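What follows is a short report on a single structure.
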Amino acid sequence: MSGLSETEQAGCRKILQLMSKADLLSLSDTVTNKMIVVENVTEATETILSFTLNAEELLRRKKVLRDLIFKYLAREGVAMPPNSEKHVLMKRTLELWSSGKAIVDKSLGERDETRQRPPTETTYMKAEVGFDPLVLGQQFCQWFFQLLNSQNLSLGQPPQDWGPQHFWPDVKLRLLSRAGIEQMEEFLGAELVSLRLQALTREERLLLSPNLEPHGLRALASPHGLVLVAVAGTIHRDEACLGIFEQVFGLIRSPLENVWKIKFVNLKIREQGALGRTEIAAPALSYNSTELQLLYS
C-alpha cells in the first residue's frame, strides 16, 4: 500500500507523466524487483505509486531526472534557478507538497490558494502599513512571475487571472531587446501593456525565472509612495535557456482598493548569443541603488 498522501500522489503522478514510456516501465521493474509485469503507462504509474513508501524515495530514483523535477515545479508556478541541483529541487518539491499548495486535481482548474481569496487580492497585493520594501519586492516577484508564466500554455496548467486590472491606467512599458541588434518598444496604457507582456509567455512561449537571491533583487521606497522593484533572471523556452532579463517595476498603492498596482515596467532582454561567455545560471542585477533612484523622477 502506498505511503503517499493525496497531494504527494498527485504530484508524483504528474512527474511520472513527464517520463518516457521506456523509463517508466524500467522504473516499475526497479520498484517492484520485477515481481509485477506491467503492460502500459497507466499500469506502470499505478504500480510505482503503490510500491512507493514515501515521496522522497521516489524523487531520489535515478530515472526521476533533475530536469523532470525542474519542469514539474515550473508547471506548478514555482520558479527555481535553472542550475539548481537535484537535491535542492527535491527539497522544494517536498516543501510544496507539505504546504498543501500544489494542484491536487487539475480538473478543478484553479489552485488551492486562489480559491481562498478573490483573484485580484493576491498575497503581495495587500498594502501593509510599515512594510519592508524588500519583502514586498520578493512577494511581488513571486506573484507576478507565477501569474505571467501561467499564461504559457505549453506548461499545461490553467492560466491565472492576468489582465489590465493589475496596472494603473497610464502604465508605461519600455521593452529593450538585444539579439544582434538593439530594439526598443514602448507601450502606454493598461490594456496594451498587459497584452504585450502576456504575449511574451503566451505567443512566444517564454518562461521567465527570476533570481530572488540578494544579488538578483533590489527594492527601494520613495517618500512619495512609489516602490521600485528590480529583478534579474533567466529566460527559457521548453528545455533551452535563451538568455537573461532585467526588469524594473514601479509600484504605487491604490488607496481605494488597498492594493499595489504597476505604474511602469522597464524590461531589458539579452539573448544568449549576445552574452558571450557570461555566466547566466543565476544572473546578478546590474542596477545599483543610485540608478534606481533616478527612476523616481
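The values are calculated or read from the model by the stated rules, or taken from the named source; none is laboratory data. In this text, all values refer to a predicted model and were calculated from it rather than measured experimentally. Here Cβ is always computed from backbone atoms with ideal geometry, including for glycine, and neighbour counts include all displayed protein chains. Quick note on the areas: whole protein, heavy atoms, side chains included, nothing else; ligands and nucleic acids left out. Shrake-Rupley method; radii C 1.70, N 1.55, O 1.52, S 1.80 Å.
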Need one number: nm distance between label points at LEU195 and HIS87, each 7 Å from Cα along Cα→Cβ, rounded to one decimal.
5.0 nm
Give LYS86/LYS172; LYS34/LYS86; LYS14/LYS268; LYS14/LYS261; LYS14/LYS263 a once-over and call out the pairs whose C-alpha atoms are over 30 Å from each other.
LYS86/LYS172; LYS14/LYS268; LYS14/LYS261; LYS14/LYS263
With all protein chains present, the range 1-56 has a carbon and sulfur share of its accessible area (1.4 Å probe) in percent of 50 percent
Spatial separation of Cα centroids for the range 1-67 and the range 194-214, in angstrom:
32 Å
Relative contact order for the range 217-265, counting Cα pairs under 8 Å that sit 6 or more residues apart, in percent
28 percent
Total charge dipole magnitude, the range 42-86, about the Cα centre, Cβ charges on Lys, Arg, Asp, Glu only, Debye to nearest 20
220 debye
With labels modelled as points extended 7 Å from the Cα through the Cβ direction, what inter-label distance (nm, one decimal) is found for LYS62 paired with GLU203?
4.6 nm
Calculate the FRET efficiency for GLU186 and THR42 from the Cβ-Cβ distance with a Förster distance of 35 Å, rounded to the nearest 0.05.
0.10
Can you list residues from other chains, or at least 5 along the same chain, whose modelled amide H is less than 5 Å from the amide H of THR52?
GLY3
Length gained if MET35 through LEU176 is fully extended, taking 0.36 nm per residue and subtracting the Cα-Cα distance, is 44.9 nm
If I stretch the segment between GLU271 and ASN258 completely, what's the gain in nm (0.36 nm per residue apart, minus their alpha carbon distance), one decimal?
0.9 nm
Formal net charge of residues neighbouring LEU267 (Cβ-Cβ distance under 9 Å; K, R +1; D, E -1)
+1
Along the range 203-217, what does the Karplus equation 6.51 cos²θ - 1.76 cosθ + 1.60 (θ = phi - 60°) give for ³J(HN,Hα), rounded to whole Hz, x for Gly and Pro?
7, 8, 6, 8, 10, 9, 10, x, 9, 8, 6, x, 7, x, 9
List every residue whose amide H lies under 5 Å from the amide H of THR234, counting only residues 5 or more places away in sequence or on a different chain, with H placed 1.01 Å from N in the peptide plane.
SER209, ASN211, PHE245
FRET efficiency estimate (nearest 0.05) - Cβ-Cβ, GLU95 to HIS215, R0 22 angstrom:
0.45
Once phi is turned into ³J(HN,Hα) by the Karplus curve 6.51 cos²θ - 1.76 cosθ + 1.60 with θ = phi - 60°, what whole-Hz value does each residue of the range 64-74 show in order, with x for glycine and proline?
7, 5, 3, 5, 5, 5, 4, 5, 4, 4, 4
In whole Hz and in residue order, list the ³J(HN,Hα) couplings for the range 237-252 that follow from phi through the Karplus curve 6.51 cos²θ - 1.76 cosθ + 1.60, θ = phi - 60°; x for Gly and Pro.
9, 6, 8, 8, 8, 8, x, 10, 9, 10, 9, 10, 10, x, 10, 10
